[in-house]
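Contents: one structure, followed by commentary.
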Amino acid sequence: MGKVYIVGAGPGSVDLITVKGLRCIQQADVILYDRLVSKELLNYAKPNAELIFVGKLPKLHAFIQERIHQLLVHHAKRGKIVTRLKGGDPFVFGRGAEEAEVLQEAGIPYEIVPGITSGIAAPAYAGIPVTHRELSSSFAIVTGHMREGKDDSINWKGLAESIETLAIYMGVGNLPYITEQLLKYKKPKETPVALIHWGTTEHQKVITGTLETIVDVARKEEIQNPCIILVGEVVKLREKIAWFEQGQLLQEISV
């Protein structure tokens, strides 16, 4: 019997994987990796490791989740060390828990290796803290990707009234609906909003606006997923501490 490591690869930048996550890549016989995982990480795999892409695009699944489960069980039962490499953290909208349940039921040893989730890392690279002593003492991670044919079960009223900073994943396609719900439940229309596209990577792009204006700004800038939507007063701090873009400029100048 082999073993499966369900590993969070971090938010995009190859440098932000954990030490243990990197070791799991280096030791794996088989690596199943997602679409948003940095392909540079695969360079650390053993020369004879089998690399299997199991990423999914919206409405276009390269592998259905059931097939991923089958692959994990199949390779582990062949005595292989399997690393299931997932973007961000495997337990934050990553379906890692479902995969762990399947392995548990099959009697296969496994470990969960946490990763840095993009809802914290992307704002940090945009110069936006998700909490701040004077601006935000509460923070929530929310999915913005509502399942087709399912009623929206998100408590928008509670989020609008009680949470000071919202990090919304996979929500660009539903941005008009998201802003509509927050405004419906009396979130001030002047509330700052940031959209962080490909956060922590060299392709990072950040746009800002308010709940009233961000939909129009996003359309004008043609922002698409992958993207974190950050809502809250902390967005204002980007004007002071947008360190990542400044660092890139200094690097370009020095070259």
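Derivation of every value follows stated rules applied to the coordinates shown; laboratory data play no part. From a predicted model like this one, the values you see are computed outputs, not experimental measurements. Cβ: placed from backbone, ideal geometry, glycine included. Neighbour counts: every protein chain shown.
The charge dipole of region 3-113, taken about its Cα centre with unit charges on the Cβ atoms of Lys, Arg (+1), Asp and Glu (-1) only, comes to about 240 debye. Packing around the peptides 217-223, 24-30, taken as the average count of other Cβ atoms within 10 Å per residue, puts them in this order, highest first: 24-30, 217-223.
Result for the chain in a Gaussian network model with C-alpha springs under 10 Å: among 79, 55, 232, the largest mean-square fluctuation is at 79.
Residue ranges 88-100, 65-77 sort as 88-100, 65-77 when ordered by packing (mean number of other C-beta atoms within 10 Å per residue, highest first).
Taking the DSSP beta bridges in region 118-243 as the whole, what percent of them are antiparallel, to the nearest 5?
Bridges in region 118-243 are about 75 percent antiparallel.
Among 154, 120, 128, the residue with the largest mean-square fluctuation in a Gaussian network model of the chain, with springs joining Cα atoms closer than 10 Å, is 154. Only helical runs count toward this figure. For the chain, summing -39,500 (n - 2.57) over DSSP H runs of n ≥ 4 and dividing by all residues gives -9000 deg cm²/dmol at 222 nm. Note on residue 240/residue 23: beta-carbon distance plugged into 1/(1 + (r/R0)^6) with R0 of 30 Å gives a FRET efficiency of 0.20.
Each residue, residue 137 and residue 183, gets one label point 7 Å from its Cα in the Cβ direction; the gap between the two is 3.0 nm.
About the centre of its Cα atoms, the chain shows a dipole size close to 480 debye [charges on the beta carbon of Lys, Arg (+1) and Asp, Glu (-1) only; nearest 20 debye].
Note on the chain: antiparallel DSSP beta bridges, both residues inside, total approximately 45 percent of the bridges counted. Label region 3-113 by shape, choosing from rounded, prolate and oblate, from the square roots a ≥ b ≥ c of the eigenvalues of the Cα gyration tensor; if a/c is under 1.5 it is rounded, and otherwise prolate applies when a/b is larger than b/c, oblate when it is not. In terms of gyration-tensor shape, rounded. Taking packing as the residue-averaged number of other Cβ atoms within 10 angstrom, the listed peptides 36-47, 198-209 run from highest to lowest as 198-209, 36-47.
Please say if region 75-202 is rounded, prolate or oblate, where rounded means a/c under 1.5 for a ≥ b ≥ c the square roots of the C-alpha gyration tensor eigenvalues, and otherwise the choice is prolate for a/b larger than b/c and oblate otherwise?
Details: a/c = 2.52, a/b = 1.81, b/c = 1.39.
In terms of gyration-tensor shape, prolate.
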